[in-house]
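Participant: Sharing a structure here in structure tokens format.
The values are calculated or read from the model by the stated rules, or taken from the named source; none is laboratory data. This is a predicted model, so every value here is computed, not measured. Cβ coordinates were reconstructed from backbone atoms using ideal geometry, including for glycine residues, and neighbour counts include every protein chain displayed. Remember, those area values only see protein heavy atoms, side chains included, never the ligands or the DNA or RNA. Shrake-Rupley method; radii C 1.70, N 1.55, O 1.52, S 1.80 Å.
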Amino acid sequence: MQSPSEYASAVMPHSTISAGSIKIQWDSSLSVFAKEEFLRAVGDDYGWLGGIDESGTLRCVLPYTVIRKAGLRMVRFRVETIPCGMGLHALEEKSFLNSVVQCFRKTRADVIIPASTNAIFQTYPDGAVAAPYGTYFIALAQPEDALWAAVSASHRRHVRSAEKSGVQVRSAPECVTTAHSIIRNTFGNSSLPFMPLKNFARMIEGLEGNVHLFVAERHAQVQCCAVFAFSQHSAYYMYGGSIAEAVPGAMHLLHWQAVRQYRQLGVRRYDFYGTRINPSLGSKAAGLAAFKQRFGAELYQGYIWKYRISTVKSTIYSFGVRCLRGGDIVDAEQQKLRHYPPYDPQLHS
């Protein structure tokens with residue numbers, strides 16, 4: 001398990017980092033969620049903010065989207081701060097994020113809402129409401145035998161069982177409607193909303209060339225499905241779901257085959273896309289965390305956060321999200337911040 005301290009950049013002097021708009025220059029070494037086509041597909045406005053230090057050096061970038069809804073201008077990040085070159089100390093990222101908030105204040109944004117749950121920051125700006133959060137990931141730059149050996153015995157049994165039952169995994173870009181229905185029903189089983197088919201299809205279109213829709217089938221019937229967004233940087237398990245009474249082990253097999261494929265494609269990391277920290281024993285969140293961990297995945301911990309820019313409109317956002325679904329992910333997890341080990345700058349000074 002890695003903490004933000006252990007995952008931080010190499011020791012360096014702590015600079016003040018100022019944020020400003022920069023040109024989008026994406027390549028496959030970066031997260032796919034920084035790609036312009038994706039940002040355009042999921043936001044009403046979008047761009048990159050660059051972090052410039054006192055010497056004029058670009059130290060980091062932070063892609064963003066702006067969502068306009070119900071009279072609100074809501075900023076949402078789709079990926080965490082991306083360090084450039086020499087890396088970024090947590091104290092420097094805090095300086096940058098403080099400046100990011102001021103940039104959006106000047107553009108008259110109303111609220112910075114929680115980022116998508118793949119975006120794990122190593123810190124958060126002063127005045128933000130924050131919560132500990134993390135993601136499980138597998139480093140793919142190792143032999144397949146080593147990856148298989150890291151999978152738990154129970155998960156290996158599930159994979160073999162599904163194979164013996166005749167389950168086969170394939171890329172199925174033609175199954176967008178079927179996948180949407182399965183994922184929506186899976187979300188519904190947990191009383192969670194899911195985006196309309198139109199938005200789902202638009203998101204996949206925005207990821208064109210960097211997305212796979214995998215299905216696991218037996219006797220030509222889809223048992224489960226998963227949407228992965230990928231670049232050389234990472235393959236992200238964005239959404240998935242199973243039919244009622246799916247063949248046991250079908251989702252295990254789908255994930256294992258996806259791990260194998262992304263390793264062969266030279267992707268560096270397989271990311272399970274967010275997890276709660278220290279979920280309650282026996283809870284669904286604990287079960288999901290165990291499912292990911294048993295693939296040999298490692299936990300990286302950091303923070304998710306939100307920020308009130310306009311007091312009145314931020315209150316409207318908070319009231320609305322509480323009425324719709326009892327609050328957002330930061331609301332649900334922020335009480336854990338009291339017991340979460342704080343970032344210790346002495347470890348990197």
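Participant: What is the Rg over Rh value, at two decimals, for the stretch 204-349, using alpha-carbon atoms and the Kirkwood definition of Rh?
Facilitator: Values: Rg = 18.8 Å, Rh = 18.3 Å.
Checking Rg against Rh, the ratio lands at 1.03.
Participant: Follow-up. Quick one: ranking 331, 271, 27 by accessible area, 1.4 Å probe, largest first, what do you get? Show your work: numbers first, answer last.
Facilitator: On the way: 331 30, 271 0, 27 70 Å².
Per-residue accessible area, sorted high to low, gives 27, 331, 271.
Participant: Give the angle, between 0 and 90 degrees and rounded to the nearest 10, that separates the Cα long axis of helix 90-106 from the longest principal axis of the Cα atoms of the chain.
Facilitator: Computed tilt is about 80 degrees.
Participant: Tally Lys/Arg at +1 and Asp/Glu at -1 over every other residue whose Cβ is under 13 Å from the Cβ of residue 168; what's the total? Let's see the in-between values first.
Facilitator: Numbers: positive: 164, 170, 218; negative: 163, 217.
Charge balance near residue 168 sits at +1.
Participant: Where Rh denotes the Kirkwood radius from the mean inverse Cα pair distance, what is Rg over Rh for the stretch 266-348? Show your work: numbers first, answer last.
Facilitator: Numbers: Rg = 16.3 Å, Rh = 15.7 Å.
Rounded to two decimals, Rg over Rh is 1.04.
Participant: Something else about it: Of [x] 153; [y] 139; [z] 220, which one was derived for volume of the Cα convex hull per residue in Å³ from the structure shown?
Facilitator: [y]
Participant: While we're on this one: For the chain, take the longest principal axis of its alpha carbons; what is the angle in degrees between that and the long axis of helix 311-325, to the nearest 10 within 0 to 90?
Facilitator: 10
Participant: If you average the alpha carbon positions of the stretch 238-266 and of the stretch 325-341, how far apart do those two centres end up, in angstrom?
Facilitator: So the separation of the two Cα centres works out to 30 Å.
Participant: Which residues make up the longest stretch of the chain that has no GluC sites (Glu not before Pro) in a DSSP loop with at most 13 other Cβ atoms within 10 Å? Walk me through the numbers on the way to the answer.
Facilitator: Details: sites that count: 54, 208, 245.
Between the exposed loop sites, the longest stretch runs 55-207.
Participant: Next up: Could you work out how far helix 153-164 tilts from the main Cα principal axis of the chain, as a 0 to 90 degree angle to the nearest 10?
Facilitator: For helix 153-164, the angle is close to 50 degrees.
Participant: Which percent of the accessible area of the stretch 160-226 is formed by carbon and sulfur heavy atoms (probe 1.4 angstrom)? Intermediate results must be reported in sequence, preceding the final value.
Facilitator: Details: 1800 of 3720 Å².
Carbon and sulfur: 48 percent of the exposed surface of the stretch 160-226.
Participant: Here is a follow-up. Report the residue, chosen from 213, 197, 88, that carries the largest GNM mean-square fluctuation when the chain is represented by alpha-carbon nodes joined by springs under 10 Å.
Facilitator: Checking each option, the largest mean-square fluctuation is seen for 197.
Participant: Let me have the 222 nm mean residue ellipticity of the chain computed from DSSP H runs of 4+ only, each contributing -39500 (n - 2.57), with the sum over all residues rounded to the nearest 500.
Facilitator: Values: 11 runs with 116 residues, N = 349.
Here the helix-only value at 222 nm equals -10000 deg cm²/dmol.
Participant: From the protein chains alone at 1.4 Å, what is the descending order of accessible area for 263, 325, 269, 40, largest first? Don't jump to the answer; show the numbers that get you there.
Facilitator: Details: 263 75, 325 140, 269 35, 40 110 Å².
Ranked from most to least accessible, the order is 325, 40, 263, 269.
Participant: Once a ≥ b ≥ c are taken as the square roots of the eigenvalues of the Cα gyration tensor of the stretch 1-153, is the result rounded (a/c under 1.5), prolate (a/b larger than b/c) or oblate (a/b not larger than b/c)? Present the calculation step by step, with values, prior to reporting the outcome.
Facilitator: Values: a/c = 1.75, a/b = 1.36, b/c = 1.28.
Prolate, since a/c reaches 1.5 and a/b exceeds b/c.
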